[in-house]
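Peer 1: Dropping a structure here in structure tokens format, bear with me for questions.
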Amino acid sequence: MINIIFLGPPGSGKGTQSAKIADNLGMSQIAPGDLLRNAVRDCAVLGKKAEEYMKRGDLVPDDIIIGLMKGKIESDTSSKGFILDGFPRTITQAVALDKILVENVNKDVATIVICIEIDDSVIIKRLNGRRICNKCGAVFHLVNNPPLKDGICDLCSGELILRNDDQLETIMKRLAVYKGQTAQLRDYYRGQNNLYTIDGAQNPDEVYENIKEVVDNGSC
């Protein structure tokens, strides 16, 4: 049994890789974004508090995110461990997570941190070239997976759009936030001797194999 924390900038592929690892190994995947949406939908106490910040476009405070993650981890009954995708994002969250794990997880369960590293230039090309169908949600890429007809979805003939999150200005802001906050976690976990870095510029299958090797060694 093992627990895995995924770190990496937007566009690094950590969401795709963590989902693949979770599916292939039968592990629970826990993402704060999903918990937030569910809490808001269910009108939970923390969800109501989070919604106030989300409506204003502000970042949801650490205490709310930590509360949601704590509740999920405490209720998780998976015997194969869990994967954290998008948490922790700050040192405050990392310290809180350490306490949660000590209180709720068997001391013999290893926790490893996978950090997918990739140059900004590659991230910009990946995200800025992405196009989403505004009708069916299909994803294309101008270089890696272009549509048969420019600007038109192959599946439903809907219009392909560039999301706000994939605009160059937004990408640069997201990278700046990552470097200013989340990137500090590398040093934090390096100090705990459980950080493993993976080259995210490789082919996705190669990235997965590298991650799987780390996970296999860490769960022995």
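Peer 1: Apply 1/(1 + (r/R0)^6) to the Cβ-Cβ distance of L142 and N38, taking R0 = 35 Å, and write down the FRET efficiency to the nearest 0.05.
Peer 2: Details: r = 34 Å, r/R0 = 0.96.
Efficiency for this residue pair is about 0.55.
Peer 1: May I ask for the distance between the Cα centers of the range 28-89 and the range 137-194, given as a whole number of Å?
Peer 2: 22
Peer 1: From the alpha carbon gyration tensor of the range 23-83, can you work out the equivalent ellipsoid semi-axes (sqrt of 5 times each eigenvalue) and give them in Å, largest to smallest?
Peer 2: Working: eigenvalues 120, 24, 19 Å².
Sorted largest first and rounded, they come to 25, 11, 10 Å.
Peer 1: For the pairs K80/K125; K125/K173; K14/K212; K20/K80, note any where the Cα-Cα span goes beyond 25 Å.
Peer 2: Details: K80/K125 36 Å; K125/K173 15 Å; K14/K212 13 Å; K20/K80 15 Å.
Flagged as over cut-off: K80/K125.
Peer 1: Give me Rg over Rh for the range 25-135, both radii from the alpha carbons and Rh done the Kirkwood way, two decimal places.
Peer 2: Working: Rg = 16.4 Å, Rh = 16.1 Å.
Across the range 25-135, the Cα-based Rg/Rh ratio is 1.02.
Peer 1: Using just the helices of the chain, give the 222 nm mean residue ellipticity in deg cm²/dmol: DSSP H runs with n ≥ 4 each add -39,500 (n - 2.57), and the total is spread over all residues, rounded to 500. Before the final figure, lay out the partial values.
Peer 2: Working: 9 runs with 103 residues, N = 220.
Here the helix-only value at 222 nm equals -14500 deg cm²/dmol.
Peer 1: With no solvent and one point on each alpha carbon, what is the Debye value of log10 I(q)/I(0) for the chain at q = 0.14 Å⁻¹?
Peer 2: -0.98
Peer 1: In addition: Assuming R0 = 41 Å, can you tell me the calculated FRET efficiency for the pair T92 and Q167, based on Cβ-Cβ distance, to the nearest 0.05?
Peer 2: Details: r = 29 Å, r/R0 = 0.72.
With a Förster radius of 41 Å, E is 0.90.
Bear in mind these aren't lab numbers, they're just calculated from the coordinates by the rules spelled out. Everything numeric in this text was worked out from a predicted model, so none of it was measured. Here the Cβ is made from the backbone with ideal geometry for all residues, glycine too, and neighbour counts use every protein chain on show.
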